[in-house]
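Asker: Below: one structure in structure tokens.
The values are calculated or read from the model by the stated rules, or taken from the named source; none is laboratory data. Keep in mind that this is a model prediction, so the values were computed, not measured. Cβ atoms come from the backbone with ideal geometry, glycine included; neighbour counts cover every protein chain shown. Remember, those area values only see protein heavy atoms, side chains included, never the ligands or the DNA or RNA. Shrake-Rupley method; radii C 1.70, N 1.55, O 1.52, S 1.80 Å.
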Amino acid sequence: MPLSFASISHGPVAFGFFNIESDMLLLEQYFFFCDDFCTWMMQLAEQSAPTPLNCEIFHIQNPQDTGDLMGAIHGIRFTGFIGSVYEQFPFPDDPARFKQNPEGYKTREKITAQITAFARKKIVTAGFDESENFWFGPYGFSLPVFHELIRYVWQGGYPRWKDDIRPACVTAMAARIQKTENRFFTGVFP
């Protein structure tokens with residue numbers, strides 16, 4: 001489930017997983033897969049000097065085409081992209097099964113086919129500014145909130161990873177961040 005994070009550019013913004021059977025993340029109207037996010041974080045962590053990355057994402061321009069997450073979760077309103085995902089992968093009847101699937105990458109082909117009906121691919125930059133803020137396209141975050149975004153992915157968001165098993169991309173990201181000397185990543189994992 002996406003959570004609200006404080007941005008320095010847009011106020012509170014939604015970030016996170018939105019369906020437990022997919023490893024796709026959203027940042028407002030931007031959508032990208034978990035392994036892409038992890039790769040971008042590893043690439044940034046490996047930098048000795050801040051250099052923006054070009055990141056390919058899916059962008060849904062019309063907010064109505066994003067869909068109604070709460071309506072889809074409750075099975076009453078399947079609109080937009082999120083509604084189409086929930087029609088195929090409904091919210092579990094048993095709340096105990098509400099856990100982020102570490103094998104969500106297996107649905108990538110289906111999710112990609114669904115999002116292409118609503119979004120277009122776009123290149124956005126990700127990196128740090130002179131004030132040590134993190135930017136992802138137009139969305140800016142303080143360093144502490146940037147660290148929260150990484151920890152959200154590490155934890156499997158809300159409701160966390162099923163059986164506390166993380167995908168390989170997430171464990172690789174954490175291992176790289178823990179070894180880096182890049183000051184922007186200091187304190188991500190205390």
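Asker: For residues in region 30-72 being assigned to a loop (DSSP other than H, G, I, E, B) and touching a residue at least 60 places away in the same chain (Cβ under 8 Å), which is nearest to Cys169 (Cα to Cα)?
Answerer: In this case the residue turns out to be Gln47.
Asker: (1) open to solvent by 30 Å² or more (accessible area, probe 1.4 Å); (2) among the hydrophobic types (A, V, I, L, M, F, W, C); (3) under 17 Å from Tyr105 (Cβ atoms): which one isn't true of Ala175, the others all being true?
Answerer: The failed condition is (3).
Asker: In addition: Here's a check for you: in region 106-134, which residue that is of a type in the set (A, V, I, L, M, F, W, C), out of contact with any Gly (no Cβ under 8 Å at 6 or more places or on another chain) and not in a strand (DSSP E or B) is farthest from Leu25 (Cα to Cα)?
Answerer: Within region 106-134, the match that is farthest from Leu25 (Cα to Cα) is Ala117.
Asker: Any residue in region 129-151 that's open to solvent by 20 Å² or more (accessible area, probe 1.4 Å): show its pairings with residues that are part of a helix (DSSP H, G or I) and of a type in the set (Phe, Trp, Tyr) at Cβ separation under 7 Å, as long as the two are six or more apart or on different chains.
Answerer: Partner pairs satisfying both residue conditions: Glu132/Phe184; Leu143/Phe184.
Asker: Still on this structure: Taking region 152-172 as the search range and keeping residues that are within 21 Å of Cys55 (Cα to Cα) and hydroxyl-bearing (Ser, Thr, Tyr), which one is surrounded by the fewest Cβ atoms within 10 Å (Cβ to Cβ)?
Answerer: It comes out as Thr171.
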